[in-house]
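Q: Here it is, the structure in full.
The values are calculated or read from the model by the stated rules, or taken from the named source; none is laboratory data. Keep in mind that this is a model prediction, so the values were computed, not measured. Cβ: placed from backbone, ideal geometry, glycine included. Neighbour counts: every protein chain shown. In case anyone asks, the SASA skips ligands and DNA or RNA and just uses the protein heavy atoms, side chains included. Shrake-Rupley method; radii C 1.70, N 1.55, O 1.52, S 1.80 Å.
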Amino acid sequence: IIDGPIDWVRRPPGLAHTRNVYALYVAGDSMVPMHRPGDLVFVSPDRPAVPGDVVIIQTRTHATAQIQCWIKLLVRRTTTDLVARQINPEAGIKYPLDQVVEVHRVLTMRELFAV
């Protein structure tokens with residue numbers, strides 16, 4: 001587990017004046033072919049995520065546990081769960097809301113390049 005930055009990247013034009021954006025390298029193959037291991041994704045904690053968006057779901061199983069991050073497609077929120085989907089293998093996943101720390105939207109190419 002890496003704690004803190006491992007690299008720095010230049011912001012794409014669409015993010016030149018945007019605050020709070022960060023980038024992650026994708027690990028694992030649950031979102032192939034949409035996102036492959038090693039892909040760099042830009043993420044915004046400030047832009048609201050809606051069903052159909054690719055998101056980073058941060059979870060913690062208990063107060064002293066480390067935060068884990070998952071890249072998934074947001075399906076919906078219920079009163080008890082955050083429902084997501086992965087592509088490889090195709091599966092629906094429920095994250096109990098009491099374990100969800102944050103949900104941040106992965107930015108699209110249109111947002112990155114302001115088109």
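Q: Compute the whole-percent fraction of alpha carbon pairs in the stretch 47-111 spaced more than 14 Å apart.
A: Value for the stretch 47-111: 55 percent of Cα pairs lie more than 14 Å apart.
Q: What does the accessible area per residue of the stretch 1-103 come to in Å², with a 1.4 Å probe and no ligands, DNA or RNA counted?
A: That works out to 66 Å² per residue.
Q: All other residues with a Cβ under 12 Å from the Cβ of D29 taken together, and with Lys, Arg as +1 and Asp, Glu as -1, what is their net charge?
A: Summing Lys/Arg as +1 and Asp/Glu as -1 gives 0.
Q: Go ahead and run the numbers for FRET between D39 and T79, Cβ-Cβ distance against an R0 of 35 Å, rounding to 0.05.
A: Here the calculated transfer efficiency is 0.55.
Q: With every protein chain in place, what's the accessible area of W70 (1.4 Å probe, Å², nearest 10)?
A: Accessible area, nearest 10 Å²: 90 Å².
Q: Here is a follow-up. With a 1.4 Å probe and all protein chains left in place, how much of the accessible area of the stretch 31-105 comes from carbon and sulfur atoms, in whole percent?
A: In the stretch 31-105, the share of accessible area belonging to carbon and sulfur is 54 percent.
Q: Now for a different question. L82's amide H: which non-local residues (gap 5+, or another chain) put their own amide H closer than 5 Å, with H modeled 1.01 Å from N in plane and none for Pro or chain starts?
A: Y95, L97
Q: Given C-alpha coordinates of the stretch 10-81, what is the ratio Rg to Rh with the Kirkwood estimate of Rh?
A: 0.98
Q: Let me ask another. Contour minus end-to-end for V115 and R60, with contour as 0.36 nm per residue of separation and end-to-end as the Cα-Cα distance?
A: Length gained, V115 through R60: 16.2 nm.
Q: Gain in length, R19 to T108, computed as 0.36 nm per residue apart minus the alpha-carbon separation, to one decimal in nm?
A: Computed gain between R19 and T108 is 30.4 nm.
Q: Applying 1/(1 + (r/R0)^6) with R0 = 35 Å to the Cβ-Cβ distance of I93 and W8, what FRET efficiency is obtained, to the nearest 0.05?
A: 0.65
Q: Ranked highest first by the average count of other Cβ atoms within 10 Å around their residues, in what order do 18-24, 82-88 fall?
A: 82-88, 18-24
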